[in-house]
1. Considering Ala58, Ala97, which residue is open to solvent by 60 Å² or more (accessible area, probe 1.4 Å), farther than 26 Å from Gly278 by Cα and either touching a Cys at 6+ places or on another chain (Cβ under 7 Å) or not in a loop (DSSP other than H, G, I, E, B) (or both)?
2. When the residues of the stretch 316-331 are narrowed to those that are touching a Ser or Thr at 6+ places or on another chain (Cβ under 7 Å) and open to solvent by 10 Å² or more (accessible area, probe 1.4 Å), which ends up nearest to Gly271 (Cα to Cα)?
3. Need the failing condition index for Glu167 against (1) over 24 Å from Ile25 (Cβ atoms); (2) assigned to a strand (DSSP E or B); (3) within 17 Å of the chain's Cα centre (by Cα), just the number.
4. Go through the residues of the stretch 46-62 one by one and say whether even a single one is within 24 Å of the chain's Cα centre (by Cα), of a type in the set (Gly, Ala, Ser) and modelled with pLDDT under 95.
5. Of the conditions (1) among the small types (Gly, Ala, Ser); (2) within 22 Å of Met226 (Cα to Cα); (3) crowded, with 17+ Cβ neighbours inside 10 Å, Ser300 clears all except one; give me its number.
6. Going through Arg126, Arg122 one at a time, which residue ends up being open to solvent by 20 Å² or more (accessible area, probe 1.4 Å), assigned to a helix (DSSP H, G or I) and in contact with a helix residue (DSSP H, G or I) (Cβ under 8 Å, 6 or more places away or on another chain)?
7. Six or more apart or on different chains, Cβ under 6 Å: which pairs go from a residue in the stretch 220-249 that's farther than 19 Å from Leu29 by Cβ to one that's of a type in the set (S, T, N, Q)? Could you list them?
Amino acid sequence: MSRVVSVAPVLAAHRHDQSEITAAIGPLLSQDAGRLAALARFHGASGVRTRHLALPLARYAELRGFGEANHLFETIGADLAEDAVRRALAAADLHPADVDFLLFTTVTGVGAPSLDAQLVARLGLRPNVRRLPSFGLGCVAGASAVARVHDYLVGHPDDVALVVSVELCSLTIQHGDDSPANLVSSGLFGDGAAAVVMLGDRRAAGRDGLDVVGTRSGVYPDTAGMLGWDIGGSGFRIVLGPGLADVVEAHLRADVEACLEPLGAKVGDVGTWIAHPGGPRILDAAERALGLTDGTLDRSRRSLAAVGNLSSSSVLHVLADTLRDAEPSAGQLAVLFAFGPGVSAEVVVLRRPEEV
């Protein structure tokens, strides 16, 4: 078993209302009045009110090449990652030298050495810390990282592990791309990071938190072209199919039920739901698939409204909000889930221990 003991969400420095972003970004994507009207409609229907961006709004007009964007990802992203880890470790009353394993994930920048290598010197992590950088899982990666770190800690019950997610989605802007997918995504994604401290079973003794008691991964057939990147000379161009919500509605319940079954639990036994805020239609589809009452996923909807979809960091921000709200109660189950390219899914079942 493993236990989540702290989560630290952080956001990029530049906060703007959605209307400000629409006005500034629109002319960079299209000069056509009809496409700009569509952009305004898409942004207005996104469920997003404000977003945090890595750069000042005016700077995006000057951002042309992938090389420059990726350099900014590495510099700004490292600062956000360091901030998140320091906050998460402090909240867990731990020090950088205590960390045995670090899983870093992103889908908005690349580097070799990967960004997590910078954290060794910046934070004072031990030089023999085990690192596992991950790229390509997209929005599902926050949930998948928690699940894979859990797998590691099952075999290392005395260890301290970190999940670190950094996503600077705004740096993937594609000038002159007024495709429907880009118009939609330009109104949905924000910039942020998160760090999660997880402990092995013996190391967690006496500490409050949420135990990971089940995980399940899924890759759905014939969905590879629905979500992801088309990577080329201009960097990361969004691939976003219109049928994604239908895929979620068709498959989510079966994965959740399969994850709960070994625990002797059913969907109705879950007291808290921690959903990746992928967009209003994704959240609506999840509610229908699981038969949830209106308002069950409001924590995710509030996160979407306040900061947008932060890709892999988003579900970790919702997890932080859940812990802040002291949910679930002792002994109660919570289910965390997210979706990403593939189309893939990850379900994580959590439970607050009866005694610590």
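1. Details: Ala97 fails: open to solvent by 60 Å² or more (accessible area, probe 1.4 Å).
Residue meeting the stated conditions: Ala58.
2. Residues of the stretch 316-331 that are touching a Ser or Thr at 6+ places or on another chain (Cβ under 7 Å), as a first pass: 316-318, 321-322, 327-328.
Then drop every residue that is not open to solvent by 10 Å² or more (accessible area, probe 1.4 Å), which leaves 317, 321, 327.
Working: His317: 19, Asp321: 15, Glu327: 9 Å.
Among those that are touching a Ser or Thr at 6+ places or on another chain (Cβ under 7 Å) and open to solvent by 10 Å² or more (accessible area, probe 1.4 Å), it is Glu327.
3. Exception for Glu167: condition (1).
4. Here is the first cut: in the stretch 46-62, the ones within 24 Å of the chain's Cα centre (by Cα) are 46-57, 60.
Filter once more, so that each one left must be of a type in the set (Gly, Ala, Ser): 46-47, 54.
Those still in the list that are modelled with pLDDT under 95 too: 46-47.
Scanning the stretch 46-62, I find at least one residue that is within 24 Å of the chain's Cα centre (by Cα), of a type in the set (Gly, Ala, Ser) and modelled with pLDDT under 95, so the answer is yes.
5. Of everything listed in (1) among the small types (Gly, Ala, Ser); (2) within 22 Å of Met226 (Cα to Cα); (3) crowded, with 17+ Cβ neighbours inside 10 Å, Ser300 misses just condition (2).
6. Working: Arg126 fails: assigned to a helix (DSSP H, G or I).
Only one candidate passes the filter, namely Arg122.
7. These pairs meet every condition: Val247/Thr223.
Let's see how each residue does on (1) in contact with a His (Cβ under 9 Å, 6 or more places away or on another chain); (2) at pLDDT below 95; (3) more than 28 Å from Val247 (Cα to Cα); (4) surrounded by fewer than 23 Cβ atoms within 10 Å (Cβ to Cβ):
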{"position": "Ser144", "(1), (2), (3), (4)": "no, no, no, no"}
{"position": "Asp151", "(1), (2), (3), (4)": "no, no, no, yes"}
{"position": "Leu162", "(1), (2), (3), (4)": "no, no, yes, no"}
{"position": "Ser165", "(1), (2), (3), (4)": "no, no, no, no"}
{"position": "Gly190", "(1), (2), (3), (4)": "yes, no, no, no"}
{"position": "Gly200", "(1), (2), (3), (4)": "yes, no, yes, no"}
{"position": "Leu210", "(1), (2), (3), (4)": "no, no, yes, no"}
{"position": "Ala224", "(1), (2), (3), (4)": "no, yes, no, yes"}
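The values are calculated or read from the model by the stated rules, or taken from the named source; none is laboratory data. It should be emphasised that the depicted structure is a prediction, and the values quoted were computed from it without experimental measurement. Here the Cβ is made from the backbone with ideal geometry for all residues, glycine too, and neighbour counts use every protein chain on show. The protein model used for the area step is the full one, side chains on, heavy atoms only, and it has no ligands, DNA or RNA in it. Shrake-Rupley method; radii C 1.70, N 1.55, O 1.52, S 1.80 Å.
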